[in-house]
Amino acid sequence: MMKHVLLITLLSFGCHHKQADTEPRGELVDNSAHPTPGGGEGAMIPPEKMDEVQTDLGRRQMIVSRCLATAMENQEVKRGTKGHITFEIKIGTSGHAESVKVIKTDIEAKSVSDCATKYVQETGFPTLPQPYETSYTFAMEAN
């Protein structure tokens with residue numbers, strides 16, 4: 001009998017434990033993206049805008065490739081030359097390229113880099129909530 005009383009007593013104390021407090025304490029932090037007025041720091045570039053930038057650059061492929069063909073016609077490069085040119089591009093909020101730099105190329109003719117840079121600078125991009133830096137590689141081949 002004593003065992004039963006002791007067991008009941010222990011069970012009654014054991015069942016009255018405090019549940020863990022699941023209420024948040026302190027200041028709540030909102031990590032979601034919110035554009036700031038005027039497009040300042042903290043504004044995010046929507047994925048659709050990033051895709052549109054890549055599409056706009058892809059549409060320039062043929063005209064940029066023409067730079068290598070022109071260099072070949074001017075005998076600045078050998079017939080059959082092919083290669084790549086990679087740009088680092090900073091696009092302003094107005095949709096214009098603020099900075100265009102060749103960061104890698106395997107085509108040695110400076111005229112090709114200058115020509116391709118000009119076409120990238122002339123590309124119209126979408127307006128953006130903040131400046132956007134990206135890179136893009138064009139493949140070129142002249143026969």
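The values are calculated or read from the model by the stated rules, or taken from the named source; none is laboratory data. Note that the structure is predicted; figures quoted are calculated from it, not measured. A quick note on method: Cβ atoms are made from the backbone with ideal geometry, for glycine too, and the neighbour counts reach across all protein chains shown.
Among the residues of the stretch 114-143, those that are assigned to a loop (DSSP other than H, G, I, E, B) and either in contact with a Lys or Arg (Cβ under 8 Å, 6 or more places away or on another chain) or over 15 Å from Asp56 (Cα atoms) (or both) comprise Thr123, Pro126, Leu128, Pro129, Gln130, Pro131, Ala142, Asn143.
What are the residues in the stretch 132-143 that are surrounded by fewer than 15 Cβ atoms within 10 Å (Cβ to Cβ), closer than 16 Å to Phe87 by Cα and not β-branched (Val, Ile, Thr), if any?
As a first pass, look at the stretch 132-143 and keep what is surrounded by fewer than 15 Cβ atoms within 10 Å (Cβ to Cβ): 133, 135, 137, 139, 141, 143.
If we keep only those that are closer than 16 Å to Phe87 by Cα too, we end up with 133, 135, 137, 139.
The answer is Glu133, Ser135, Ala139.
Of the numbered criteria (1) in contact with a strand residue (DSSP E or B) (Cβ under 9 Å, 6 or more places away or on another chain); (2) at pLDDT 95 or above, the one Thr81 fails is (2).
What residue, of Ser94, Ser111, is of a type in the set (Ser, Thr, Tyr), in a helix (DSSP H, G or I), modelled with pLDDT of 95 or more and on the phi < 0 side of the Ramachandran plot?
Details: Ser94 fails: in a helix (DSSP H, G or I).
Going through Ser94, Ser111 in turn, just one is of a type in the set (Ser, Thr, Tyr), in a helix (DSSP H, G or I), modelled with pLDDT of 95 or more and on the phi < 0 side of the Ramachandran plot: Ser111.
Taking into account only those residues within the stretch 67-107 that are without any contact (Cβ under 8 Å) to a residue 24 or more places away in the chain and surrounded by 14 or more Cβ atoms within 10 Å (Cβ to Cβ), which is nearest to the chain's Cα centre (by Cα)? The selected residue is Val100.
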